[in-house]
Every structure is written in C-alpha cells, then in structure tokens.
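The values are calculated or read from the model by the stated rules, or taken from the named source; none is laboratory data. What you see is a predicted model, and the numbers here were worked out from it, not measured in a lab. Don't worry about glycine lacking a Cβ; one is built from the backbone with ideal geometry, like all the others, and counts go over all protein chains shown. For accessibility, only protein heavy atoms count, side chains too; no ligands or nucleic acids. Shrake-Rupley method; radii C 1.70, N 1.55, O 1.52, S 1.80 Å.
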Amino acid sequence: QVQLVESGGGLVQAGGSLRLSCAASGSIFSINAMRWYRQAPGKQRELVVVINSGGSTNYADSVKGRFTISRDNAKNTVYLEMNNLKSEDTAVYYCQTVFLGRSYWGQGAQVTVSS
C-alpha cells in the first residue's frame, strides 16, 4: 500500500509563488519516478513534470523555466516550486507514482492564481 499526501496549495496573485509538497509512505519512494499532474476546471488532467529516481526531470513546455521539481529521498517527499504563476496555472495538482504496476495518486491540492 502506498499513500501520497499533498500540501501547500492556496490562493496567490499572478506573478507570485507557491510550493507544493507530496509526502509518500513506504520505502519505495527512492526507487520510483514521481510525477505532478494538474487538472483545471473543464479540462483533462495533464502531466506537469516527472522526476526519476536518479533526479532527472522532464517538464511540460507550459511550465518550463517557472516550475522546479525536487525530491528528498530521506524525507520521502517530492516538492514542486512554482514561480511566476499565471492564471492558467489554476488547477488541482496531484502527485502520482507507480509501484508494482499500480498507479497511486494523492488527494490533490488546489492552486488558484488570481489575475
């Protein structure tokens, strides 16, 4: 059983910053790729960024240069630092991982960017 718990969402003005955290249960954290997805109202869920166990990252074009993902294997936590936020970044953000062929999701963190 894997549990992912997000925190750090909120309301911020355009141009501001937020940091999301995703704490994972179990010792599987260090051997799994972790992903952040987001889902805006009326839109499909989209992949924002992935970080693999070695620290390599891959960002969606829409967030490159503004968002930074990092992981602390000792704390079983992955972070998403979001800078220069735009109204189009408003969404529910989810962390996700796959373990033994099964996908696990966090409960979601609301990020609202006011213009």
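With each pseudo-label sitting 7 Å past Cα toward Cβ, what's the Asp72-Gln3 distance in nm, one decimal?
1.9 nm
Once you list every other residue whose beta carbon is under 9 Å from the beta carbon of Gln39, what net charge do they have if Lys and Arg are +1 and Asp and Glu are -1?
So the environment of Gln39 carries a net charge of +2.
Could you list the residues of segment 1-18 with an amide nitrogen less than 17 Å from a label point located 7 Å from the Cα of Glu88 in the Cα-to-C-beta direction?
Counting only backbone N, you get 14-16.
Can you tell me the accessible area per residue over the chain, all protein chains present, probe 1.4 angstrom, in square angstrom?
Heavy-atom SASA per residue in the chain reads 52 Å².
Assuming 1.567 mPa s and 4 °C, estimate D for segment 7-69 with Stokes-Einstein, Rh taken as the Kirkwood radius over Cα pairs, in µm²/s.
D, rounded to a whole number, is 97 µm²/s.
Considering all projection directions equally, how large on average is the shadow of the alpha-carbon convex hull of the chain, in square nanometres?
Convex hull of Cα atoms, orientation-averaged projection: 6.7 nm².
With a 1.4 Å probe and all protein chains left in place, how much of the accessible area of the chain comes from carbon and sulfur atoms, in whole percent?
So the carbon and sulfur contribution to the accessible surface is 46 percent.
How far, in nm, would the chain grow between Gln107 and Ser56 when pulled straight, counting 0.36 nm per residue and subtracting the alpha carbon separation?
15.9 nm
Could you give the longest part of the chain that holds none of the trypsin sites (Lys or Arg not before Pro) found in DSSP loops with at most 11 neighbouring Cβ atoms within 10 Å?
With trypsin sites (Lys or Arg not before Pro) excluded where exposed in loops, the chain gives 65-115 as its longest stretch.
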